[in-house]
Amino acid sequence: MIRPPRLPLAVFLLVAGIGAHAEGVRTAPMLANTCAGCHGTNGASAGEFMPSIAGMDPGYLYSVMSDYKSGLRPSTIMGRIMKGYTEQEIWAIAGFYGAQPWTSTDRVASGKAVAQGQAIHDRLCESCHDDGGREQDDESPRLAGQWAGYTQYVLDVCRDRGARCRPTKMGQRVKGLSDEEIAALARFYESEK
C-alpha cells in the first residue's frame, strides 16, 4: 500500500491558515451560519415565532445583539449565545445579515384585524416605523412582512416591561393596547410586504 507523503506540521498550519483573516479564523459568513438553525438560511426565517433578520439595518442588529449579550434585552437563549461573541464578531454578523435581501413571510392576511392594526399603526407607530413598517434605521427594525407570531410576542413583552422596554417610547405607546389590538397590529405588519 502506498501512503501519501506526510506534510510537516509547519506546512500544514501555513496551508490551513491561508483563508484566515487578520482578525481571526471565524469569518462573517461562518459566524452567521450558526444563526441559521433558528433564523433560517441567510436570515430568512421559516418559523412563526422566529424573526427574519436578513436585510435589517446592521446598526439595529448590532444594538439588539449587544443588548442580548449585556442582559438589557430579555431572552430565552440569545443572551447565552451572544456572550460567546466579541464586539467585532457581533458587528460582522450584523453586517452579514444586513447585506442579505429581505424576504417577507408568504402568509396572506386580510380582513378586520388588518384594518384595525393599520389604524393602530397610523396612530401610534408610523412616526418610527414609516411606510407601513418598511422603513428602518439603527433604532427601528423593518416590521413589514415579519411573522405575526414573532411581532405579537415582542409587543406583548414590551407592553409587560413598560418603561423598561427598549426603546422606552415603544413601551409607552403599547402599554395601553389590549391583547386583541396587539394581535391586530402584528397581523397588519405581516400583511405588508
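The values are calculated or read from the model by the stated rules, or taken from the named source; none is laboratory data. Remember, it's a predicted structure, so these values are computed and weren't measured experimentally. Cβ atoms come from the backbone with ideal geometry, glycine included; neighbour counts cover every protein chain shown. Quick note on the areas: whole protein, heavy atoms, side chains included, nothing else; ligands and nucleic acids left out. Shrake-Rupley method; radii C 1.70, N 1.55, O 1.52, S 1.80 Å.
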- request: Please go through segment 56-78 and pick out each residue that is in a helix (DSSP H, G or I) and buried (at least 17 other Cβ atoms within 10 Å of the Cβ).
  value: PRO58, TYR60, LEU61, TYR62, SER63, VAL64, MET65, SER66, ASP67, TYR68, LYS69, MET78
query: Which one of these does LYS193 not meet: (1) open to solvent by less than 40 Å² (accessible area, probe 1.4 Å); (2) touching a Ser or Thr at 6+ places or on another chain (Cβ under 8 Å); (3) at pLDDT below 95?
result: (1)
query: Restricting the search to segment 79-114, which residues are open to solvent by 60 Å² or more (accessible area, probe 1.4 Å) and farther than 14 Å from LYS69 by Cβ?
result: ALA99, PRO101, THR103, ASP106, ARG107, VAL108, SER110, LYS112
query: Which members of segment 51-107 meet the condition of being over 17 Å from GLY133 (Cα atoms) and β-branched (Val, Ile, Thr)?
result: VAL64, THR76, ILE77, ILE81, THR86, ILE90, ILE93
message: Please go through segment 65-103 and give me each residue that is of a type in the set (Val, Ile, Thr) and more than 19 Å from PRO29 (Cα to Cα), ordered by number.
response: THR76, ILE77
query: Using beta carbons and a limit of 6 Å, which pairs, at least six apart or on different chains, have the first residue in segment 45-61 and farther than 9 Å from ASP138 by Cα and the second one open to solvent by 40 Å² or more (accessible area, probe 1.4 Å) and in a helix (DSSP H, G or I)?
result: PHE49/TYR150; MET50/CYS38; PRO51/TYR150; ALA54/ASN42
message: Given (1) within 22 Å of ASP179 (Cβ to Cβ); (2) at pLDDT below 95, identify the lone condition not met by SER104.
response: (1)
- prompt: Given the residues ARG142, ARG159, which is the only one that is of a type in the set (Lys, Arg), open to solvent by less than 60 Å² (accessible area, probe 1.4 Å), out of contact with any Asp or Glu (no Cβ under 6 Å at 6 or more places or on another chain) and within 22 Å of ALA94 (Cα to Cα)?
  reply: ARG142
query: Do we find that LYS69 is more than 13 Å from the chain's Cα centre (by Cα), farther than 22 Å from VAL174 by Cβ and of a type outside the set (Asp, Glu) in this structure?
result: yes
- request: Evaluate segment 160-182: report whether one residue or more is more than 24 Å from PRO74 (Cα to Cα) and assigned to a loop (DSSP other than H, G, I, E, B).
  value: no
query: Any residue in segment 104-119 that is assigned to a helix (DSSP H, G or I), over 30 Å from LEU31 (Cα atoms), among the aliphatic types (A, V, I, L, M) and in contact with a Ser or Thr (Cβ under 6 Å, 6 or more places away or on another chain)?
result: yes
task: Considering every residue within segment 83-96, establish whether at least one is more than 16 Å from the chain's Cα centre (by Cα) and in a helix (DSSP H, G or I).
output: yes
- prompt: List, please: which pairs have Cβ atoms under 7 Å, are six or more places apart or on different chains, and start with a residue in segment 122-138 that is under 20 Å from LYS175 (Cα atoms) and in a loop (DSSP other than H, G, I, E, B) and end with one that is of a type in the set (A, V, I, L, M) and modelled with pLDDT of 95 or more?
  reply: HIS129/LEU143
Residue that is surrounded by the most Cβ atoms within 10 Å (Cβ to Cβ) [pool: residues in segment 30-55 that are assigned to a loop (DSSP other than H, G, I, E, B) and among the β-branched types (Val, Ile, Thr)]: ILE53
